[in-house]
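Have a look at the structure below before the remarks.
The values are calculated or read from the model by the stated rules, or taken from the named source; none is laboratory data. Everything numeric here is computed off the predicted structure, so don't read it as measured data. Reconstructed Cβ throughout: ideal geometry from the backbone, glycine too, with neighbour counts over all protein chains shown.
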Amino acid sequence: MEEEKSMYPDAGKMRTIITNAVYGSTTETCNATVYISPVDGKKPTQVLGCKVKEARIKDCRFEEIKDSMVNVRINGFFEVHVWYEAGGDTCVTKSNERFSEVVPVECLGGESYRNKQILAWISGKPSSLGTMIVNKGGSHAISVQVEYGLGVEVLGEAMLNVVAYHLEGGQNRQDEDTVMSSLTMFNVDAESEDED
């Protein structure tokens, strides 16, 4: 039968835990209007189909960091393929389009975060909401309304203070000694830390 042990806080003793934690996360729906010039300058008479694919994120960076909000700029690209009728022929054209969106991420909690990192992904595959033949700058073009989703998660190194407890009853410190001997300490260059 195991001996029952009680835990009591060590008076005035605190421990600091350093861990990676989620600073904030969000998803956002974005819209863009893409204009595609017809092949050989032929006037399109009807749009037969449209497909948006190959969406990728090229890079992302912090645009602005505030106490309760972080703005993240995400740059990427996708391909727009359009089938249309022009002069009795069916034509196909492709356009490589870029996007650059600023996504606001609301801060979770009031902890102090250092060494922030960004995870970004395409949360909703781009799709065409509709197409239209338009006159753009005196020449004919096909307008495509594109919708896509972006997801962002900001991670940071958080320092949390916790109350230290000890076990009553003369238990040896074998478990604690094992944990402490397996830890590896890393020196962090103070100049590389974020200033919050």
Review point. For segment 144-159, does any single residue satisfy the condition of being at pLDDT below 90, out of contact with any Lys or Arg (no Cβ under 9 Å at 6 or more places or on another chain) and surrounded by 12 or more Cβ atoms within 10 Å (Cβ to Cβ)?
Key: no
Practice item. Please verify whether segment 128-135 includes one or more residues that are exposed (fewer than 11 other Cβ atoms within 10 Å of the Cβ), modelled with pLDDT under 90 and not aromatic (Phe, Trp, Tyr). Key: yes
Check your understanding: When you go through His140, His81 one by one, which is the residue that is touching a Pro at 6+ places or on another chain (Cβ under 8 Å) and surrounded by 12 or more Cβ atoms within 10 Å (Cβ to Cβ)?
Key -> His140
Revision key, fill the gap. How many residues of segment 38-67 are among the small types (Gly, Ala, Ser) and surrounded by fewer than 13 Cβ atoms within 10 Å (Cβ to Cβ)? The answer is 2
Exercise for review: Among residues belonging to segment 27-63 that are out of contact with any Leu (no Cβ under 6 Å at 6 or more places or on another chain) and acidic (Asp, Glu), point out the one that is farthest from Gly151 (Cα to Cα).
Suggested key: Asp40
Point to revise | strands (runs of 3 or more DSSP E) enclosed by segment 7-93 - at least 1 residues per element that are modelled with pLDDT under 90 and in contact with a His (Cβ under 7 Å, 6 or more places away or on another chain) | key: 7-36
Practice item. Look through segment 84-102, keep the residues that are among the charged types (D, E, K, R) and surrounded by 16 or more Cβ atoms within 10 Å (Cβ to Cβ), and return whichever of them is nearest to Thr26 (Cα to Cα). Key: Glu101
Exercise for review: Please indicate, with yes or no, whether at least one residue in segment 115-125 is assigned to a strand (DSSP E or B), modelled with pLDDT of 90 or more and under 14 Å from Gly41 (Cα atoms).
Suggested key: no
